[in-house]
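Novice: Here you go, one structure.
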Amino acid sequence: MKLFKKLAAIALVAVMALAMVGCYSAPAGATLNDKQATALVALVNTDRKTAGKKTELNRSTEAEAILADYAKAMVDYLVVQNETTEAAGAAAEQEAIRKLSLLTIDGKKVDMTKSEMAVGFAKGVTATPDMIKNAMEHSKQKTGEGITEVNTWAPMVNADDGYLAVVWAEKSGATAVIAYNIVLK
């Protein structure tokens with residue numbers, strides 16, 4: 001029994017170490033739903049037209065490929081909240097940010113200071129694009145003064161131009177969605 005506990009502790013440390021260096025991949029089972037992601041992009045572009053924007057935001061499949069592992073790690077954490085899935089999610093986030101900072105679209109780099117990421121979650125219900133839009137319109141953000149409401153949907157609707165990456169991951173009744181408004185420099 002003592003040996004099992006030691007091996008389990010070593011395995012946990014090894015998984016966390018792999019996660020921290022970006023070698024850990026999300027366990028099987030989290031799937032990407034491009035149909036829902038496409039529907040969310042359509043909502044963004046419909047709201048852009050309503051706001052008087054003349055152009056739609058084009059999707060960046062390169063950025064979506066980068067964000068896929070991060071979305072899967074987030075949904076894994078929603079399903080099983082423990083130190084391992086938390087560490088894997090943090091590592092996936094850092095790796096996605098690193099790769100996005102190197103990404104070139106149309107010969108231009110991603111402006112990491114102006115690009116904005118919005119994240120929507122749902123657990124225990126079948127998420128819809130409208131639900132995720134509502135969650136993004138009423139996001140919560142920690143500040144020095146407490147928790148405030150932030151509209152993370154608006155920057156996508158009001159962007160002058162750029163690209164949009166949307167990744168929708170699902171697993172065991174949980175949904176994690178990343179919408180990344182990409183500004184180029």
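The values are calculated or read from the model by the stated rules, or taken from the named source; none is laboratory data. Not measured: the values here are computed from a predicted model. All Cβ positions, even for glycine, are placed from backbone atoms using ideal geometry, and neighbour counts span all protein chains on display. For the accessible areas, the whole protein counts, side chains as well, though only heavy atoms, and no ligand, DNA or RNA atoms are used. Shrake-Rupley method; radii C 1.70, N 1.55, O 1.52, S 1.80 Å.
Novice: Can you list the strands (runs of 3 or more DSSP E) lying wholly within segment 70-157 that have 2 or more residues being touching a Phe, Trp or Tyr at 6+ places or on another chain (Cβ under 9 Å) and surrounded by 13 or more Cβ atoms within 10 Å (Cβ to Cβ)?
Specialist: So the answer is 116-123.
Novice: Might you check whether a residue that is among the hydroxyl-bearing types (Ser, Thr, Tyr), assigned to a loop (DSSP other than H, G, I, E, B) and modelled with pLDDT of 95 or more occurs anywhere in segment 20-33? Show your work before the answer.
Specialist: Taking segment 20-33 as the starting set, the residues that turn out to be among the hydroxyl-bearing types (Ser, Thr, Tyr) are 24-25, 31.
Those still in the list that are assigned to a loop (DSSP other than H, G, I, E, B) too: 24-25.
The next check asks that each one be modelled with pLDDT of 95 or more; those that pass are none.
No, that holds for no residue.
Novice: Continuing with the same structure: In this structure, does Val183 turn out to be within 17 Å of the chain's Cα centre (by Cα) and farther than 23 Å from Ala92 by Cα?
Specialist: no
Novice: Among what's in segment 59-69 and is assigned to a helix (DSSP H, G or I) and not acidic (Asp, Glu), pick the residue that is surrounded by the most Cβ atoms within 10 Å (Cβ to Cβ).
Specialist: Per the stated criteria, the residue is Leu67.
Novice: Further question: Could you please give the count of residues in segment 158-180 that are open to solvent by less than 30 Å² (accessible area, probe 1.4 Å) and assigned to a strand (DSSP E or B)?
Specialist: Restricting attention to segment 158-180, the residues satisfying the condition of being open to solvent by less than 30 Å² (accessible area, probe 1.4 Å) are 159, 162, 164-169, 174-180.
If we keep only those that are assigned to a strand (DSSP E or B) too, we end up with 164-169, 174-180.
Total satisfying the criteria: 13.
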